Amino acid sequence: MIPRTIHYCWFGGNPLPKRVKRCMESWKKYCPDYEIIRWDEQNFDVNYNRYTKEAYDAGKWAFVSDVARMYIIYHHGGIYLDTDVELIGSLDPFLSDKAFMGVEYNGLVATGLGFGAEKNLQVIREMLDEYSSLPFDESDPVSCPKLTTEFLTRYGYSSGKQIQTVRDIVIYPTEYFAPMNWVTGTLHVTCNTVSIHYYLASWATKNWRQKKKLRKICCYVLGEKRGMRFYERCAGLYKRNPAQAETVKEKDQ
């Protein structure tokens with residue numbers, strides 16, 4: 001049984017933004033009998049391994065959280081939520097799972113959406129150990145969803161279009177924990193949706209935010225699928241030859 005505890009991380013010492021506080025109010029509303037525990041420099045060793053130390057020294061708090069959340073859930077059990085996750089339903093139905101995670105719209109399993117596990121679950125230990133030998137590359141940091149998905153794929157994870165269990169982890173489709181398309185901002189809430197991840201991306205660089213804005217514009221003008229194809233073709237061509245990218249729009253019309 002997963003403990004009725006919600007964990008969150010807040011490194012760096014900055015005050016909580018109003019939007020984050022509103023999300024946390026939803027935790028209290030839908031999980032009123034859960035203990036809520038904040039983790040920061042006072043109760044988590046940011047020098048836990050090379051990755052967390054280098055990420056912290058670089059001021060990339062969210063990447064410290066990528067490791068901290070796995071450590072916390074392994075050693076204490078409970079449910080981790082990113083601070084930009086709003087609950088719109090109770091987490092009680094998931095407490096009977098040994099562990100659970102959710103899938104983003106792109107098929108990647110993302111612990112930032114919210115995930116939970118019983119204390120000392122071996123598979124969580126192994127996922128934590130994935131970071132044990134990793135350096136932190138500030139110019140190209142490891143994607144937590146990519147690392148998590150690669151790990152689970154080795155044990156049978158497929159697409160995320162249906163509920164599946166991999167190594168004691170019940171993996172739920174997008175509609176449960178990630179109804180928002182982080183590229184377009186569109187919401188697809190269903191009767192199964194219990195939370196919304198707003199992707200505030202406090203870790204993001206200026207370049208990443210500019211790309212996100214461009215993707216959103218492409219999807220708004222051309223539609224979600226066509227807009228993403230157009231953006232990806234442009235991005236691929238710019239990497240090879242910026243001049244060629246100018247011809248993509250004409251070909252796509």
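Yes or no, residue by residue, for (1) charged (D, E, K, R); (2) surrounded by fewer than 19 Cβ atoms within 10 Å (Cβ to Cβ); (3) touching a Ser or Thr at 6+ places or on another chain (Cβ under 9 Å); (4) on the phi > 0 side of the Ramachandran plot:
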{"site": "Glu25", "(1), (2), (3), (4)": "yes, yes, no, no"}
{"site": "Glu41", "(1), (2), (3), (4)": "yes, yes, no, no"}
{"site": "Asn47", "(1), (2), (3), (4)": "no, yes, no, no"}
{"site": "Lys53", "(1), (2), (3), (4)": "yes, yes, no, no"}
{"site": "Trp61", "(1), (2), (3), (4)": "no, no, yes, no"}
{"site": "Val103", "(1), (2), (3), (4)": "no, no, yes, no"}
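Which of the residues belonging to segment 192-214 are at pLDDT 65 or above and touching an Asp or Glu at 6+ places or on another chain (Cβ under 9 Å)?
Those that are at pLDDT 65 or above and touching an Asp or Glu at 6+ places or on another chain (Cβ under 9 Å): Asn192, Thr193, Ser195, Ile196, His197, Tyr198, Tyr199, Leu200.
Every residue, every condition in (1) at pLDDT below 95; (2) within 21 Å of Phe177 (Cβ to Cβ), yes or no:
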residue: Asp66; (1), (2): no, yes
residue: Leu87; (1), (2): no, yes
residue: Pro93; (1), (2): no, yes
residue: Lys98; (1), (2): no, yes
residue: Glu104; (1), (2): yes, yes
residue: Leu108; (1), (2): yes, yes
residue: Asn120; (1), (2): no, no
residue: Leu128; (1), (2): no, yes
residue: Asp137; (1), (2): yes, no
* Structure fact -> Within segment 150-172, the residues that are crowded, with 19+ Cβ neighbours inside 10 Å and either of a type in the set (Gly, Ala, Ser) or closer than 22 Å to Ser90 by Cα (or both) are Gly160, Ile169, Ile171, Tyr172
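With the requirement that a residue be charged (D, E, K, R) and either in a helix (DSSP H, G or I) or under 18 Å from the mean Cα position of the chain (by Cα) (or both), what does segment 39-83 give you?
Selection gives Arg50, Lys53, Glu54, Asp57, Lys60, Asp66, Arg69, Asp82.
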* Structure fact -> Quick count over segment 107-143, residues being small (Gly, Ala, Ser) and buried (at least 16 other Cβ atoms within 10 Å of the Cβ), is 5
* Structure fact -> Given (1) at negative phi; (2) in a loop (DSSP other than H, G, I, E, B), Gly185 misses just (1)
* Structure fact -> For segment 20-42, pairs from a residue that is under 18 Å from Ile2 (Cα atoms) to a residue that is among the basic types (Lys, Arg), with Cβ under 8 Å and 6 or more apart or across chains, are Cys31/Arg4; Asp33/Arg4; Tyr34/Arg4; Glu35/Arg4; Ile36/Lys28
* Asked: Can you pull out the residues in segment 63-101 that are surrounded by fewer than 17 Cβ atoms within 10 Å (Cβ to Cβ) and under 16 Å from Asn43 (Cα atoms)?
  -> His75, His76
* Structure fact -> If we keep only residues of segment 94-136 that are of a type in the set (Phe, Trp, Tyr) and in a loop (DSSP other than H, G, I, E, B), then the residue nearest to the chain's Cα centre (by Cα) is Tyr105
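Hey, does segment 159-174 have a residue that's part of a helix (DSSP H, G or I), closer than 19 Å to Asp84 by Cα, touching a helix residue (DSSP H, G or I) at 6+ places or on another chain (Cβ under 7 Å) and modelled with pLDDT of 75 or more? Walk me through how you get there before you give the answer.
To start, the set of residues in segment 159-174 that are part of a helix (DSSP H, G or I) comprises 174.
Pick out the ones that are also closer than 19 Å to Asp84 by Cα and you get 174.
Narrowing further to those that are touching a helix residue (DSSP H, G or I) at 6+ places or on another chain (Cβ under 7 Å): none.
No - not one qualifying residue is present in segment 159-174.
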* Of residues in segment 11-21 being under 19 Å from the mean Cα position of the chain (by Cα) and part of a helix (DSSP H, G or I), the one farthest from Ile196 (Cα to Cα) -> Lys21
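The values are calculated or read from the model by the stated rules, or taken from the named source; none is laboratory data. Note that the coordinates shown come from a computational prediction; the quantities given were computed from them, not determined experimentally. Here Cβ is always computed from backbone atoms with ideal geometry, including for glycine, and neighbour counts include all displayed protein chains.
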